[in-house]
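Chemist: Next up is a structure, given as structure tokens.
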Amino acid sequence: VRAPVTPELWAVHLSGECGLGIAPLRDDGTVRFGAIDIDVLMTDHTALEEAVDKAGLPLVVCRSKSGGAHCYLFLREAVPAAKVREFLSGWASALGHSGAEVFPRQNELASLRDVGNWISMPYFDHEGPTTRYAVIDGVIATLEAFLNYAEAAAITEEDLIKIK
């Protein structure tokens with residue numbers, strides 16, 4: 001669906017009726033979130049979370065649909081996609097995943113019809129046996145815990161620039 005993300009689409013995703021993927025890239029070439037997509041099946045999410053914490057990175061580690069990981073960066077304001085991609089690529093390398101894909105996958109939209117590349121959202125069928133969840137302090141987090149953690153982890157562009 002090439003349409004704005006609505007509470008109704010989130011409800012359908014969270015209920016397990018139909019998965020939701022979101023393209024982080026906005027029309028003006030900025031993003032409010034980004035992600036490192038680690039496509040390593042059977043990723044040790046607790047070890048990855050520990051590596052993220054040790055490196056001091058503002059990433060939220062989630063198990064992806066395939067068993068890999070999506071490490072989300074949440075932003076309090078719109079930040080140029082090029083800047084976010086640069087940081088995420090560097091962080092992927094620092095975490096030992098230099099070949100990992102980063103989202104957004106491009107710095108700007110190619111045309112007025114382009115929407116960018118989307119990434120699957122966590123917590124599909126969150127009340128069922130979901131396989132897409134955040135790992136916080138080595139534990140599978142509830143949807144509510146994830147939302148609170150993600151909000152607390154969100155940073156500004158100024159914060160982003162300060163990270164080594």
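The values are calculated or read from the model by the stated rules, or taken from the named source; none is laboratory data. None of these values were measured; they are calculated from a predicted model. Backbone-built Cβ (ideal geometry, glycine too); neighbour counts: all protein chains shown. The area values use the complete protein model at the heavy-atom level, side chains included, leaving out ligands, DNA and RNA. Shrake-Rupley method; radii C 1.70, N 1.55, O 1.52, S 1.80 Å.
Chemist: Over region 60-106, what portion of Cα pair distances is larger than 18 Å, expressed as a whole percent?
Modeler: Of the Cα pairs, 29 percent sit more than 18 Å apart.
Chemist: How high is the relative contact order of the chain, in percent, counting Cα pairs under 8 Å that sit 6 or more residues apart?
Modeler: Result for the chain is 31 percent.
Chemist: How are the C-alpha pair distances of the chain spread across 5 Å bins, as whole percents from the shortest bin up?
Modeler: 2, 9, 18, 22, 22, 16, 8, 2, 0
Chemist: Run the helix sum for the chain: -39,500 (n - 2.57) per DSSP H stretch of 4+ residues, divided by residue count, reported at 222 nm to the nearest 500 deg cm²/dmol.
Modeler: Taken over the chain, the calculation gives -9000 deg cm²/dmol.
Chemist: If you stretched the chain out fully between M42 and A94, how much longer would it get, using 0.36 nm times the residue separation minus the C-alpha to C-alpha distance?
Modeler: Separation in residues times 0.36 nm, less the Cα-Cα distance, equals 16.7 nm.
Chemist: Right, next: With every protein chain left in place, what is the accessible area per residue of the chain in square angstrom, probe 1.4 Å?
Modeler: 54
Chemist: Then there is this: To the nearest 20 debye, what charge dipole does region 27-163 have about its Cα centre, counting +1 at the Cβ of each Lys and Arg and -1 at the Cβ of each Asp and Glu?
Modeler: Result for region 27-163 is approximately 240 debye, rounded to the nearest 20.
Chemist: Starting from region 4-55, pick out the GluC sites (Glu not before Pro) whose DSSP state is loop and whose Cβ has at most 14 other Cβ atoms within 10 Å.
Modeler: Passing both the DSSP loop test and the Cβ count: E17.
Chemist: Computed over the Cα atoms of region 1-92, what is the ratio Rg over Rh, Rh following Kirkwood?
Modeler: 0.99
Chemist: Please report the orientation-averaged projected area of region 86-161, defined via the convex hull of its C-alpha atoms, in nm².
Modeler: Quarter of the Cα hull surface area: 7.4 nm².
Chemist: Additional query: Would you mind calculating the relative contact order of region 50-140 from Cα pairs under 8 angstrom and at least 6 residues apart, reporting the percent as a whole number?
Modeler: 31
Chemist: So what's region 44-140 giving for Rg/Rh, alpha carbon basis, Kirkwood Rh from the mean inverse pair distance?
Modeler: So for region 44-140, dividing Rg by the Kirkwood Rh gives 0.98.
Chemist: Got a number for carbon plus sulfur as a percent of the chain's accessible area, 1.4 Å probe?
Modeler: The C+S portion of the solvent-accessible surface of the chain is 53 percent.
Chemist: Oh, and also: Order the following by accessible area, largest value first: Y149, Y133, Y123. Probe radius 1.4 Å; ligands, DNA and RNA are ignored.
Modeler: Greatest to least solvent exposure: Y149, Y133, Y123.
Chemist: What do you reckon, how do T131, T30 stack up by accessible area (1.4 Å probe), largest on top?
Modeler: T131, T30
Chemist: If you don't mind, there's one more thing I want to ask. With every protein chain in place, what's the accessible area of W118 (1.4 Å probe, Å², nearest 10)?
Modeler: Its accessible surface works out to 150 Å², give or take rounding.
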